[in-house]
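See structure below.
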Amino acid sequence: MIIILKPDIGPESAEVSRLMNYFRQFPDIKPRISDVQGTIRVVTEVYLIGPTHDLPLETLERMPGVEKVIRVSSKYRLIGRHGGQLDQIGFEYNGVSFNQDCLDIFIGLCAVDTPEHVEIVFKKLQELNITTARMGAYKPRTNPYDFQGHGKSCLPWVFELAGKYGIKIVAIEVLRAVHIEEINDALEQAGHPTGVMLQTGTRNAQNFELLKAVGTQHEFPVLYKRGLGLSLEESLNACEYIASEGNRKIVVCLRGIKTRMGEPHRNLVDFTHVPVVKRLTRLPVCIDPTHSVGSKDRAPDGLLDIFHATAQGVIAGANMILVECHPRPEVALCDGPQALTMQEIDHFIADVEIVRRAYEERRALAEHDC
Ligand code: PEP
Ligand code: MN
C-alpha cells in the first residue's frame, strides 16, 4: 500500500508523525517514508510493507495530510505505475533533468583508450552544447583475452577532462560494487569536476548483488540496461531491486534483445517497448541504438541503420539516448565497427532533432484528441 501525502506535507511534518503513531497498532506493518521527485513537485509517500489487507483504506484516506491511498500490486511495487494510479518519477542530477518527458543524449567512447581521444569527444560535445557523455572504463568482454578497459587508472584524467569541457555527467558501467567506491574516490580526489551515472550492463541484468549495491548508494543515478535474454517483466523486476534499496534515480535502458535469428543486426531492436516501459513504470526510458544494431550498415535512403533505430525510439518518446562514437573507429579497442565518427555526430544530432519535433507534434495531437 502507498499513501501519497498532500503537496506541502513533508517527512518531518506533524501529519506524518500522526500516521506513524497510528501504524504502531499494526506491528507487522513496516512503514517507509520516501520523497519522490514528480514532474512538477516533490511528493512524500509512505510505503507500507507487510499484511496491509486489513488496513481500513477509508480511515487512512480521511487522515490529515493524506492525498490518496493506493493498494499496489506486488509487481514493480516502487517503480510501477499501478494501472496509471501513480505519476511518473523524475529526478535531477548535477543540473540535468531526467523524466518521462525530456530527452538527454549521452555520446562517447565504448571504451576509454587515450586522453587524446577522450578530449576530442568532450570538445565535440561542448561545441554541440551537450553536457552528457558515456565513457567505458570497466569493460565486460565476452572473450577474456580482449581489452578489459583501463579501470580505475583512467578515472582521474577522464574526470579532469570532463570538467574542462563542461561535461556534467559521464555514464560509466560498473561490474562490481568496488567500482562504485573507485569512482567515488576518483571524483573526490579530482574535486568533483563532473558527475557520474552508474551503468549496470545487460550481462549483469540479474546480478542482484550488484543491483543492490547501486541501489544502496544514493549519490549516483543508475542506468539499468535490460537483460539481453530476459523478458521485459524479468528485467523490470530486477530493476525494482535498485529502487528497493532506496535509490529511485533510475533510467531503464532498452538495448536490443538476443534472438537466434542472426543477421542483420547484433540484437533485435526493442524500441517499440519505450511506451510500454513508460506505461508500466514511472521511470524515464533510454534507448541504446549502438548495441542494438551493432554495425554501420546504411540503408539505400542514405541513413545508417543506427539512425533509423534511434528515430524509432525517439518517435516513440524515448527520454535518453546512449550512443557510441570514436574519433578513429579503426583503432578503437572495443566496438569500433559500430562507432559514429565525429562528423557523423553532427548528422546524428540533426536527425534526432527532426524526429523529436515529430514526437512532440504527435503528443500534442494526442492530447488534443483525448
Ligand atoms: C555498454 O554500453 O558499454 C555495453 C557494454 O552495453 P550492454 O551492456 O548493453 O552490452
Ligand atoms: Mn560498446
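Report the Stokes-Einstein translational diffusion coefficient (µm² s⁻¹, integer) for the range 85-232, Rh taken as the Kirkwood radius over Cα pairs, at 20 °C with viscosity 1.002 mPa s.
Numbers: Rh = 15.9 Å.
Answer from the Stokes-Einstein relation: 134 µm²/s.
Please report, in debye to the nearest 20, how large the charge dipole of the chain is about its Cα centre when each Lys and Arg carries +1 at its beta carbon and each Asp and Glu carries -1 there.
Details: 41 positive and 48 negative charges, 159 e Å.
Dipole magnitude for the chain comes out near 760 debye.
Can you give me the P(r) profile for the range 57-100? Cα pairs, bins 10 angstrom wide beginning at 0, each as a whole percent.
23, 35, 31, 10, 0
Work through the residues other than D101 whose Cβ is under 14 Å from its Cβ and net out their charges, Lys, Arg +1 and Asp, Glu -1.
Working: positive: K278, R282, R356, R362, R363; negative: D87, E92, D104, E360, E367.
So the environment of D101 carries a net charge of 0.
Compute for the range 330-370: radius of gyration divided by Kirkwood radius, i.e. Rg/Rh, restricted to C-alpha atoms, rounded to two decimals.
On the way: Rg = 16.6 Å, Rh = 12.7 Å.
Expressed as Rg/Rh, it is 1.32.
Calculate the length of the line joining the C-alpha centroid of the range 278-339 to that of the range 203-262, in whole Å.
19
Assuming R0 = 35 Å, can you tell me the calculated FRET efficiency for the pair R77 and D301, based on Cβ-Cβ distance, to the nearest 0.05?
Numbers: r = 45 Å, r/R0 = 1.28.
Efficiency, rounded to the nearest 0.05: 0.20.
Any chance you could give the angle, 0 to 90 degrees and rounded to 10, that helix 155-164 forms with the longest Cα principal axis of the chain?
Its long axis makes an angle of about 90 degrees.
Per q in 0.12 1/Å, what log10 I(q)/I(0) does a Debye calculation on the alpha-carbon atoms of the range 218-370 return?
Calculated log10 I(q)/I(0) at the listed q: -0.56.
By per-residue mean of other Cβ atoms within 10 Å, what is the highest-first order of 259-266, 10-17, 280-287, 118-125?
Working: 259-266: 11.0, 10-17: 13.6, 280-287: 25.6, 118-125: 20.9.
In decreasing order of mean packing, 259-266, 10-17, 280-287, 118-125 become 280-287, 118-125, 10-17, 259-266.
Taking square-rooted eigenvalues a ≥ b ≥ c of the alpha carbon gyration tensor, is the range 87-166 rounded, prolate or oblate, where a/c under 1.5 means rounded and, failing that, a/b exceeding b/c means prolate?
Numbers: a/c = 2.35, a/b = 1.44, b/c = 1.63.
It is oblate, given that a/c is not under 1.5 and a/b is not larger than b/c.
Determine the percent antiparallel among the DSSP beta bridges restricted to the chain, to the nearest 5.
Details: 21 of 50 bridges.
If we restrict to bridges inside the chain, about 40 percent are antiparallel.
Separation of the range 150-200 and the range 1-29 by C-alpha centroid, Å?
38
With axes computed from alpha carbons, what is the tilt in degrees of helix 177-190 against the longest principal axis of the chain, rounded to the nearest 10 within 0 to 90?
Approximately 70 degrees, to the nearest ten.
Computed over the Cα atoms, what is the radius of gyration of the range 2-70 divided by 2.2 N^0.38 Å, N being its residue count? Please list the in-between numbers first.
Working: Rg = 11.4 Å, N = 69, 2.2 N^0.38 = 11.0 Å.
Working it through for the range 2-70, the quotient is 1.04.
Which of K30/K75; K124/K152; K152/K258; K139/K225; K212/K258 have a Cα-Cα distance over 21 Å?
Correct reply: K124/K152; K152/K258; K212/K258.
Looking at the range 66-125 from every direction and averaging, what is the projected area of its Cα convex hull in nm²? The partial results should precede the final answer.
Details: hull surface 28.7 nm².
Averaging across all directions leaves 7.2 nm² for the Cα convex hull.
Which distance in nm do the two modelled labels at K123 and D101 give, with both placed 7 Å along the Cα-to-Cβ direction?
Those two pseudo-labels are separated by 3.8 nm.
Rank by packing, highest mean first: peptides 181-189, 268-276, with packing defined as the count of other Cβ atoms within 10 Å averaged across residues.
On the way: 181-189: 15.8, 268-276: 18.1.
By packing density, highest mean first, the sequence is 268-276, 181-189.
What is the ratio of the Cα radius of gyration of the chain to 2.2 N^0.38 Å, with N the residue count, to two decimals?
Dividing the Cα radius of gyration by 2.2 N^0.38 Å gives 1.03.
Read-outs throughout are calculated quantities, based only on the coordinates presented, and are distinct from any laboratory measurement. Computed from a prediction, not measured in an experiment: that's the story for all the values here. When we count neighbours, we look across all protein chains shown, and the Cβ atoms used for this are built from the backbone with ideal geometry, even at glycine.
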